[in-house]
Every structure is written in C-alpha cells, then in structure tokens.
Amino acid sequence: MHERERHRIILSAVQEKSVVTIQDISELTEASEATIRRDIAALHVQGKIRRVRGGAEAVHPPQLGNLAGRPFRVSESVNIDKKRAIARAAVDLCEAGDAIIINGGTTTFQMVHYMAGHRMQVMTNSFAIAEHLVKHSKNTVTVPGGAIYREQSLILSPFDNDAIRNFYARRMFIGAQGVGPLGIMEADALIIQSEQKLMHQADELVVMVDSSKFNRRSSLILCALDRVSAIITDDGISEEAARMVENAGIRLVVASPVAQLAKEDSSSVA
C-alpha cells in the first residue's frame, strides 16, 4: 500500500475514533509498525494529527455516538482484491428474479459491481449499496426505515414496525468482524440487533469474509454456525479454518483474487 493511501486511512481512522493505536493501523494497512510510526510522525509534523504514546489522536475529536467497528471509508480499500473476488462469487450464487438481502459492509458493498446486469429484488440496510444499485442497475431496491449512521453507511432502527418484516428473501448476504467455533461475530450490539431482524426474513445465510477474519475475535456473537448456509472467503484460508467450516456442515466457497483479476482483464479485452 502506498504512503498516500496509508495516510488517508490514518486520517480517516482518527476522525472516527479519536485515538487509534499503531497496532490497529498496522493491521488495517498491512504495513509494519515501524512504517506506521514514521507515517504518524510525518502527519504530526504536518499538524494533521497528534502523536501520542503508542498511536495517534485527532486534532479535532469526532462527535460521540458512533457505532463500534471500523468506519466504512476506513475499511473500504483494505484487502480490496479479496473482497472483489468474494463478492463476485456471492453474486454468482444469485439468479434472475431472486429476492435477496444484503447487509451493509465493505465486502458486501463490492457485490454492486457485479449486479448491473441483474434484475433482482434487493433489501439492504446499506445507504451506499442502495445508492449505487439505484444509480447503476435495474434491480428493485428496498431500504428499511431508521437513522443513517454516516460512518458505517448503515440505516438502523430499534423499532420492529419497519419494511423489514414485509420482505422475504431466498438468501441474506452479510460480512462479519470474525468467524470462530462459537459462531459469527460482530462488534456492535445495535448492528447485531439489525442483522438478526433481517436474518429472520431469509431462508439462507451467506457469510462473506476474507481469510483474516478467521483469526479475529469479538465479544459479541451474531449467531451460531448452524444458522449459516455458506461461507465465501479467499484462498488464504488456513486448513484449520476450512476444516472448522466443513465440520460445521457449512458450504465453503473459496474465491481466488488472482483468478478474479484475470477474469476481469479478459472481460475488458473482450
């Protein structure tokens, strides 16, 4: 990842979460901690952030009330090749006329790039997904009522009397903070509440996660593995993680970023 992109991620992160650690940014950018220290020092000199022990903080702290988890614009470019390959595999599961639910997230968002030629009925709580599909596809788009959380680009409501209960889907596609033996993990209780409401309206649950998510844990469980029909990930998945998925009776779909890139290149030539 280039220096400019790392700086963008650091600046976005501190605006959304007041203080970020060197370890957090290193994980986000897949750069060494030494590199991140140099980046923070450079941005500190420019007056764009304040360097603190073990990390950085915003010059002007963000407003309170944000959801837990990484902001959409921070995570969007992380592991982008893997997310694109996973998204393509997810759309390949869909058929014309399907009714599907797409939960908000940066991996699920990548599905929109492969849905332009489809005509499906789509329910999504993602403002970004809804906007893109309305502008660039002929899919029918439905969104639930609620407040828009700008940082995660989500539409969330604590109330039951919204459009969700009137929509029935063949499949629901979601991302996750982590996947482990205890189930699918998320970082925020409000997000879990929203996802569980949506899950009740779908026959199958398809989880879309890059291979790094099998090494991450969160304190909140969205659902047990027996609720999941399929997991789509990239070819970096470990044998141990693959065995866990298959032993749980879940269909495992492995998408190759290299193969996806070659497919897109050949399409552009054609």
Counting only residues that are closer than 24 Å to HIS200 by Cα and crowded, with 18+ Cβ neighbours inside 10 Å, how many does the stretch 120-140 have? 12
May I ask you to say which residue of SER238, SER219, SER212 is touching a Gly at 6+ places or on another chain (Cβ under 9 Å), surrounded by fewer than 18 Cβ atoms within 10 Å (Cβ to Cβ) and more than 24 Å from ARG165 (Cα to Cα)? SER212
Looking at the stretch 129-245, what strands (runs of 3 or more DSSP E) fall wholly within it and have at least 3 residues that are farther than 29 Å from GLU27 by Cβ and either outside the structural domain of TYR114 (by the TED database) or modelled with pLDDT of 90 or more (or both)? 140-142, 169-174, 202-208
Across the stretch 1-31, the tally of residues that are open to solvent by less than 60 Å² (accessible area, probe 1.4 Å) and either among the hydrophobic types (A, V, I, L, M, F, W, C) or part of a loop (DSSP other than H, G, I, E, B) (or both) stands at 11
Residue, farthest from ASP210 (Cα to Cα), within the stretch 32-54, restricted to residues that are part of a helix (DSSP H, G or I) and of a type in the set (Val, Ile, Thr): VAL45
Looking at (1) more than 26 Å from VAL253 (Cβ to Cβ); (2) of a type outside the set (Lys, Arg); (3) loosely packed, with under 15 Cβ neighbours inside 10 Å, find the lone condition where ASP226 falls short. (1)
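The values are calculated or read from the model by the stated rules, or taken from the named source; none is laboratory data. Since we're looking at a predicted model, the values are computed, not measured. Cβ atoms come from the backbone with ideal geometry, glycine included; neighbour counts cover every protein chain shown. The protein model used for the area step is the full one, side chains on, heavy atoms only, and it has no ligands, DNA or RNA in it. Shrake-Rupley method; radii C 1.70, N 1.55, O 1.52, S 1.80 Å.
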